[in-house]
Amino acid sequence: MACQQDIDFLLNLRVCSMDEHLIQAGIKMSETQHLSRINEYFNDSHLILVNGEAVGLLKLGVLKQSLHIRQFQLLPNYQSRGIGSRVLAMIKTKAIKLNKPITLNVLLKNPAFSLYGKQGFKVIGENELEYQMKCSLSDCQ
């Protein structure tokens with residue numbers, strides 16, 4: 001679980017992992033706006049650790065209809081190392097236990113889109129900024 005002492009790390013993580021993709025989507029966020037997103041659903045925030053070091057964030061919401069990935073970020077130096085796939089495998093295990101599909105939103109030009117596709121997520125909607133994706137229970141097995 002993340003705590004208030006992690007805010008500086010979470011702000012750095014968000015800027016490092018999201019700014020480029022947000023700018024490509026035409027969104028320029030201030031530090032205050034980033035902090036607002038960090039604090040949104042803060043109780044759902046879990047740090048991703050590698051060898052005891054914080055390298056990412058997972059915000060996972062248990063909704064009535066689904067297990068929803070609210071935010072999933074890794075520091076750029078830890079991307080493309082299989083960490084995202086391992087985290088998604090743990091989320092799939094939880095989804096199966098809860099008997100709920102997994103949903104998420106991802107920016108249109110975010111390279112994480114390909115990771116989600118490889119993990120069985122399907123596009124179920126799209127708007128001018130992002131895809132809405134879902135991994136059904138049958139795809140979580």
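The values are calculated or read from the model by the stated rules, or taken from the named source; none is laboratory data. Only a predicted model underlies this, so the values are computations on that prediction, with no experimental measurement involved. As a convention, Cβ positions derive from the backbone with ideal geometry for all residues, glycine included, and neighbour counts pool all protein chains shown.
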Which ones in region 110-136 are more than 21 Å from ARG14 (Cα to Cα) and surrounded by fewer than 17 Cβ atoms within 10 Å (Cβ to Cβ)?
GLY117, LYS118, LYS122, VAL123, ILE124, GLY125, GLU126, ASN127, GLU128, SER136
Every residue from region 41-62 that is surrounded by fewer than 12 Cβ atoms within 10 Å (Cβ to Cβ) and among the aliphatic types (A, V, I, L, M)
LEU49
Filtered residues of region 21-52 (kept if of a type outside the set (S, T, N, Q), in a helix (DSSP H, G or I) and more than 16 Å from GLN71 (Cα to Cα)):
ILE23, GLU31
Which numbered condition GLN65 fails, given (1) of a type outside the set (Phe, Trp, Tyr); (2) without any contact (Cβ under 8 Å) to a residue 40 or more places away in the chain; (3) surrounded by 11 or more Cβ atoms within 10 Å (Cβ to Cβ); (4) touching a Lys or Arg at 6+ places or on another chain (Cβ under 8 Å)
(3)
Restricting region 81-109 to residues that are out of contact with any Cys (no Cβ under 9 Å at 6 or more places or on another chain) and β-branched (Val, Ile, Thr), which is surrounded by the fewest Cβ atoms within 10 Å (Cβ to Cβ)?
ILE83
Residue list for region 56-103, restricted to those being within 21 Å of LEU10 (Cβ to Cβ) and part of a helix (DSSP H, G or I)
PRO76, ASN77, TYR78, ILE83, GLY84, ARG86, VAL87, LEU88, MET90, ILE91
Quick check on ILE38: is it surrounded by fewer than 17 Cβ atoms within 10 Å (Cβ to Cβ) and either modelled with pLDDT of 95 or more or in contact with a Phe, Trp or Tyr (Cβ under 7 Å, 6 or more places away or on another chain) (or both)?
no
Take the residues in region 94-104 that are more than 12 Å from the chain's Cα centre (by Cα) and touching a residue at least 12 places away in the same chain (Cβ under 8 Å), then tell me which one is nearest to GLY117 (Cα to Cα).
PRO101
Pairs only if they're at least six apart or on different chains, beta carbon under 6 angstrom, first in region 30-44 and closer than 12 Å to LEU57 by Cβ, second of a type in the set (Ser, Thr, Tyr); list them, first residue then second.
none
CYS140: of a type outside the set (Gly, Ala, Ser) and either surrounded by fewer than 18 Cβ atoms within 10 Å (Cβ to Cβ) or in contact with a Pro (Cβ under 7 Å, 6 or more places away or on another chain) (or both), yes or no?
no
So which residues in region 104-141 are part of a strand (DSSP E or B) and charged (D, E, K, R), if there are any at all?
LYS122, GLU126, GLU130, LYS134
